[in-house]
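To keep things clear, I will list the structure first and then write my remarks on it.
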Amino acid sequence: MNFIKNNKIKSVIGLLILFYILICQSCATMRMDIKETKSFFGTSKIVYLDSTIVVGKFKIHYIQTGNKNLPTLFFVHGSPGSWDAFKDYLKDTLLLKKYRMIAIDRPGFGYSDFGDSKNLFEQGAILEQFVDKIKNGKNLYLVGHSYGGPTIVKMAVDKPNDFKEIVILAGAIDPKAETPEKWRTLFKAAPLRFIVPGALRPANDELWWLKTDLKFMEPTLKKITADVLVIHGTLDPLVPYSNVAFIEREFINAKSIQVISIKNANHFIPWEHYDLIRNELLKLKE
């Protein structure tokens, strides 16, 4: 009887674990579906494009708003996340008067080959090819938050003449400021890897690689020649404010560097300090 009872308990536990995995994987994608996107833009009657561009063997999903003939604001989200991190910017009536705006799902997130994580160098190369496909001959401005910060920096390193200005929002650029949590390695291999829910799995991968990626990128930062705007909270607990000094020291060939420090602000400045950031985007050099 005890044998049968133990088997039943094991079966129940197994089913609960399977249920957890299935539910978590489906609920933790951190992305808006087609209906949610349509509803979001529908309430403000904003015309938008919801599309995907194939870059080699990769798919990059993006949302576009604004006049296709205007200069482009190109938004790159953090980790984890998706294009909707910048959804309010995409429907901002002031920004729409000045820019075409594109917000992407980075490789491995949203609807861009979800779950297939890539390191910083791979992501930069993929997004550079994506940009080549959407260029319209006007100025192109890169805006990256958190992990999106080093992503746009890598793009500006590789293609210094392609971008008018890069806007780094609480970006992790300094390798010395990164302290990878050793627990992340536990969830990179089976079987624990498969219990990490949804978008947290590729996020775990890329954040574990980030410090090494930044070390390799550091000697190339002198290649950046664009204007640079850095906005960072002084009390950011996730990406230390010391990144600001690192950028000022290492971006030696940037055309200009402007720093806006938000006193006592945390890491979530794109949402908690929306007006400030929106107004700075409106003032970008033409």
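The values are calculated or read from the model by the stated rules, or taken from the named source; none is laboratory data. This is a predicted model, so every value here is computed, not measured. So basically every Cβ, Gly included, is an ideal-geometry build from the backbone, and we count neighbours across all protein chains shown. Ligands, DNA and RNA are stripped out before the accessible areas are found, and what is left, the full protein with its side chains, is counted by its heavy atoms. Shrake-Rupley method; radii C 1.70, N 1.55, O 1.52, S 1.80 Å.
The table below gives the values:
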| quantity | calculated |
| --- | --- |
| Matching residues in the stretch 236-266 - criterion: being buried (at least 16 other Cβ atoms within 10 Å of the Cβ), part of a loop (DSSP other than H, G, I, E, B) and touching a His at 6+ places or on another chain (Cβ under 7 Å) | Asp236, Val239, Tyr241, Ala265 |
| Lone qualifier among Thr212, Thr234 - being within 21 Å of the chain's Cα centre (by Cα) and within 19 Å of Phe121 (Cβ to Cβ) | Thr212 |
| Residue ranges of helices (runs of 4 or more DSSP H) in the stretch 81-189 with at least 3 members under 27 Å from Leu235 (Cα atoms) and either touching a residue at least 60 places away in the same chain (Cβ under 8 Å) or under 12 Å from the mean Cα position of the chain (by Cα) (or both) | 148-158 |
| Test set (1) in contact with a Lys or Arg (Cβ under 9 Å, 6 or more places away or on another chain); (2) open to solvent by 20 Å² or more (accessible area, probe 1.4 Å); (3) over 28 Å from Asn243 (Cα atoms) - Lys97 fails condition number | (1) |
| Residues satisfying the stated conditions in the stretch 267-281, i.e. open to solvent by 20 Å² or more (accessible area, probe 1.4 Å) and either in contact with an Asp or Glu (Cβ under 9 Å, 6 or more places away or on another chain) or under 17 Å from Ala85 (Cα atoms) (or both) | Phe268, Trp271, Glu272, His273, Tyr274, Asp275, Leu276, Arg278 |
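This table checks each residue for (1) modelled with pLDDT under 95; (2) under 15 Å from Gly144 (Cβ atoms); (3) of a type in the set (Ser, Thr, Tyr).
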site	(1), (2), (3)
Tyr241	no, no, yes
Asn253	no, no, no
Lys263	no, no, no
Ile269	no, yes, no
Ile277	no, yes, no
